[in-house]
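Below: the structure, in structure tokens.
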Amino acid sequence: MEQPRSEAGEAVHDDAAHELPLGVRVAAAWSWRLILIGLACAGFLWLIVQVRIIVIPLLVAILLTALLSPVVQWFQKRGAPRWLGVIFALAMFVAAVWILVTLIATQLRSGFDDVAQRSQEAWVELLHWGEATFGFSAEEIDGFTGQLMKTIDGHQSEIWNGALGVATSAGQFVTGTLLTLFSLIFLLIDGRRIWFWVLGFLPARAHAPVDAAGRAGWVSVGQYVRVQIFVAFVDAVGIGAGAALLGVPLAIPVAVLVFLGSFIPFLGAITTGALAAFIALVYNGPVNALLMLGVVILVNQIEGHVLQPLVMGSAVKVHPLGVVLAVSTGALLAGIPGALFAVPIAASANSIVNTLVHRQWDPGSDPVAEYHRREKTSQRARHRARNVARLLRKEGH
């Protein structure tokens, strides 16, 4: 049927969409596509939250694998069996964790009671200062304390539920730790085979680009972990040395806590450094606490303006503003785990996207097929070597 035309000879469209300006139609097309992408991302995040007890240990195991795999490769390059490198790497990791935990436990065991007593004394002094300065009476303070106790008594069910939640979290922590160790061992032993097994689920034409992108992302994750250890060490030494010079007690456990907390960029060192300022306030007074706080701020400024831009930025190729935004977004979406994994995920995503955009792979290759071909050749060689060994033993008898 011929389309109706106007008096000027132009075609008349019955579809109302053609009456809309081009900009509106383009904006609408972008909008519904972005909405679908947002819904898909939200569904993916919801799924991760539901299985977080599996996802978080697996991500921790991946970070530890990126840290320890160079040790295993070092053994292999020198002709040692892979299992020997795996055992040495795991032993080195367990020894490092044991040393850190021992330092914290032994130091805090002797000083925790004293810190609690000093904190109580500082609280009493603060109350006396408030009474002398602002006119707070003892009856008002007692009334406030009584009201607080009534509030606690009225919410005992919520408190018990929170205690049960803590117990559940403790059980999940033990489960997650075992899953992390289990995953770490197998990733160190057979990570290459696991990677190509995952690639095998994709179409053959996607093997080469996904393999190249995955390798680039893996390199970025390894660089991040190693550089972050250096940054955490600098933070720990700076804050620990400042605490020791200012005469703040428990300088060693504070330094260890700063080292562990610094794996959350920007936020971790500040939070753990505040503990050093609190201990300085309790033991040495407000002037010493202000000096300790100044040391914490100085160390964090060095991290934020020197280490993160120059060392971390050049290693993971992510701008410091991107690091801050990634950590903030991760903390907002997933709390401490989100802040911990935000930077390595952003760094690996940046490397993956750059590899795919610049097409940094051989389009004519299939890494999965080549891997299976090499595995078959290696199996045949081992089979022949065993047969030769059997023949030699028989001839020897």
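Per-structure values
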read-out	value
Whole-Hz ³J(HN,Hα) from phi, Karplus 6.51 cos²θ - 1.76 cosθ + 1.60, for region 81-87, glycine and proline x	x, 5, 4, 5, x, 5, 5
Projected label distance in nm at LEU298 and VAL237, using a 7 Å step from Cα toward the beta-carbon	1.6
Among 275-283, 45-53, 360-368, the order from most to least packed when residues are scored by Cβ within 10 Å on average	275-283, 360-368, 45-53
Amide N of region 187-222 lying under 18 Å from the label point, which is placed 7 angstrom from the Cα of TRP74 along Cα→Cβ	188-189, 222
Net charge contributed by nearby residues that have their C-beta within less than 14 Å of GLY242 (K/R +1, D/E -1)	-2
Segment ALA274-VAL306, extension gain: residue separation times 0.36 nm, minus the distance between their alpha carbons	9.4 nm
Förster-model FRET efficiency, 41 Å R0, TRP30 and ILE53, C-beta, rounded to 0.05	0.65
Virtual spin-label span in nm between LEU321 and PHE230, 7 Å along Cα→Cβ	2.5
Per residue accessible area of region 12-79, 1.4 Å probe, in Å²	73
Distance between modelled label sites at ALA40 and THR329, nm, 7 Å Cα→Cβ extension	1.7
Burial order of peptide ranges 345-355, 95-105 (average beta-carbon count within 10 Å, highest first)	345-355, 95-105
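The values are calculated or read from the model by the stated rules, or taken from the named source; none is laboratory data. None of these values were measured; they are calculated from a predicted model. Glycine gets a Cβ as well: all are built from the backbone with ideal geometry, and neighbour counts include every protein chain shown. Just the protein is used for accessible areas: all its heavy atoms, side chains included, with ligands, DNA and RNA removed. Shrake-Rupley method; radii C 1.70, N 1.55, O 1.52, S 1.80 Å.
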